[in-house]
1. So, of the residues in segment 112-121 that are assigned to a helix (DSSP H, G or I) and not β-branched (V, I, T), which turns out to be most open to solvent (accessible area, probe 1.4 Å)?
2. If the Cβ limit is 7 Å and pairs must be 6+ apart or interchain, which residue in segment 2-21 that is closer than 15 Å to L33 by Cα and open to solvent by less than 70 Å² (accessible area, probe 1.4 Å) pairs with which residue that is at pLDDT below 95 and not aliphatic (A, V, I, L, M)?
3. Pull up segment 122-164, narrow it to residues that are in a helix (DSSP H, G or I) and open to solvent by 100 Å² or more (accessible area, probe 1.4 Å), then point me to the one that is modelled with the lowest pLDDT.
4. Among (1) open to solvent by less than 80 Å² (accessible area, probe 1.4 Å); (2) within 17 Å of the chain's Cα centre (by Cα); (3) under 27 Å from R17 (Cα atoms), there is one condition I68 misses while meeting the rest; what is its number?
5. Have a look at A9, A61 and point out the one that is among the small types (G, A, S) and under 17 Å from E122 (Cβ atoms).
6. Could we say that T95 is surrounded by 12 or more Cβ atoms within 10 Å (Cβ to Cβ) and within 30 Å of W48 (Cβ to Cβ) here?
7. Of everything in segment 29-63, what is surrounded by fewer than 16 Cβ atoms within 10 Å (Cβ to Cβ) and touching a Ser or Thr at 6+ places or on another chain (Cβ under 6 Å)? Give them in sequence order.
8. Which members of segment 108-164 meet the condition of being among the aliphatic types (A, V, I, L, M), touching a residue at least 40 places away in the same chain (Cβ under 8 Å) and farther than 21 Å from S87 by Cα?
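The values are calculated or read from the model by the stated rules, or taken from the named source; none is laboratory data. Quick caveat, the model's predicted, so the values are computed rather than measured. Backbone-built Cβ (ideal geometry, glycine too); neighbour counts: all protein chains shown. Quick note on the areas: whole protein, heavy atoms, side chains included, nothing else; ligands and nucleic acids left out. Shrake-Rupley method; radii C 1.70, N 1.55, O 1.52, S 1.80 Å.
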Amino acid sequence: MYAGHLGIALFAKGIRRNESLLLLIIASIFIDLTTIFIDIFKISLPSWFMLHTIPSTIILAVCFGLVIFIKNRNWRQCIFFGVVIISHLLVDYLTSRLSIWAKGPVIGLGLYKYPLIDFILEGTFIVFGWLVYQRIFKNQKNKLWALWLMLFILIGLQACFSFLICN
Ligand SMILES: [Zn+2]
């Protein structure tokens, strides 16, 4: 999943307004960011540790959650961020086909094969997350244009991912 993850970050911000949106965005794509980091720095990992699998996702969620906990001593916040990280893998199973664990069986719907369906699915995540998020600005009419611009950019980004990159 691509921009659909950002829809989840917006949804998370909408239901826990005190959290940092930037941190929620980072958490929502933390697995992908870790993958990119490991690729760039050519870090070799133990063979059992494969990203986008259930064990590695749990490890990343626990590590991220612990850092949050050490900083703020708030278990609810720690669990919340852990859930956002785990949500990444769950929704990736809709769009991709991924191993459950390293060298384990592969599961997932693999909807990237169907760009229009992928676009509709991720677009739904974006719109729903945005609808929950924009309630924060209910009484700030001057922010309306920025909110619509944000939605427009996210949907446009997803259209590029679905129809140009995944194809
Ligand atoms: Zn991913």
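1. Within segment 112-121, the match that is most open to solvent (accessible area, probe 1.4 Å) is K113.
2. If the second residue must be at pLDDT below 95 and not aliphatic (A, V, I, L, M), the pairs left are A3/F161.
3. K141
4. Going through the list (1) open to solvent by less than 80 Å² (accessible area, probe 1.4 Å); (2) within 17 Å of the chain's Cα centre (by Cα); (3) under 27 Å from R17 (Cα atoms), I68 breaks only (2).
5. Unique residue meeting the criteria: A9.
6. It is true that T95 is surrounded by 12 or more Cβ atoms within 10 Å (Cβ to Cβ) and within 30 Å of W48 (Cβ to Cβ).
7. The one that is surrounded by fewer than 16 Cβ atoms within 10 Å (Cβ to Cβ) and touching a Ser or Thr at 6+ places or on another chain (Cβ under 6 Å): F49.
8. L116, I136, A159
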